[in-house]
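A.B. asks: Submitted below is the structure of interest, expressed as structure tokens.
The values are calculated or read from the model by the stated rules, or taken from the named source; none is laboratory data. If you're wondering where the values come from, they're calculated on a predicted model, not measured in any experiment. In this analysis, Cβ positions are derived from the backbone assuming ideal geometry, glycine residues included, and neighbour counts consider all displayed protein chains. Side chains are part of the model used for accessible areas, which takes the heavy atoms of the whole protein and leaves out ligands, DNA and RNA. Shrake-Rupley method; radii C 1.70, N 1.55, O 1.52, S 1.80 Å.
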Amino acid sequence: MPLTMHQAAVTPTLKMLATLDRLLDKAAAYATARKLDEPKLLQARLYPDMLPLVQQIQIVSDTAKGLVGRLAGKEVPSFPDTETTIAELKARLAKTADFIKGLQPSDFDGAETRTLTLPIGGGKTMEMSGLDFVLGRGTANFYFHVVTAYDIMRHIGVEVGKRDYLG
């Protein structure tokens, strides 16, 4: 049986949202054990010109919704970027997962050939097929921000490793 667009997009996206949720549990335990201020911890970044942990996780949420929602031909919900605690970020990830779980496999019928119009910044857009989006830009962008969030947590001392990332 061939791989469906639903399987290609939904299954790994939900897996990585769950992984990031578990990593945030470890970050919360780390902050509590060391009496660290969570809002300050969430402002940690790998390099001064990179976005902080809180924004990496918000972008993970946005890219997950966009990746799966666009492929399903559904309107992508918008969540305000107001989180300042780990609990709020975990709630955002749960809300993102709920949106994705609410999509039906039939929503993805024809998604591989569906033309998607994607914002690329500066008021510009680009078009690509659903297949190119899931195999390239959409998935790559999603994983970039998941890995960057993982790297920030590891960089600040949260005890996470490859097994935590892979699940």
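A.B. asks: Output the qualifying pairs, or none if there are none: Cβ atoms under 9 angstrom, residues six or more apart or on different chains, first residue in segment 108-126 and at pLDDT below 90 and assigned to a strand (DSSP E or B), second residue open to solvent by less than 70 Å² (accessible area, probe 1.4 Å) and not small (Gly, Ala, Ser).
C.D. replies: Cβ pairs passing all conditions: Leu118/Met126; Leu118/Met128; Leu118/Phe133; Pro119/Met126; Ile120/Met126.
A.B. asks: With a cut-off of at least 3 residues that are free of Cβ contacts under 8 Å to residues at least 40 places away in the same chain and either closer than 20 Å to Tyr150 by Cα or under 13 Å from the mean Cα position of the chain (by Cα) (or both), name the helices (runs of 4 or more DSSP H) lying wholly within segment 1-94.
C.D. replies: Working: elements: 5-33, 38-41, 53-72.
Here the list reads 5-33, 53-72.
A.B. asks: Across segment 137-167, what is the number of residues that are touching a Lys or Arg at 6+ places or on another chain (Cβ under 7 Å) and loosely packed, with under 13 Cβ neighbours inside 10 Å?
C.D. replies: Matching residues across segment 137-167 total 2.
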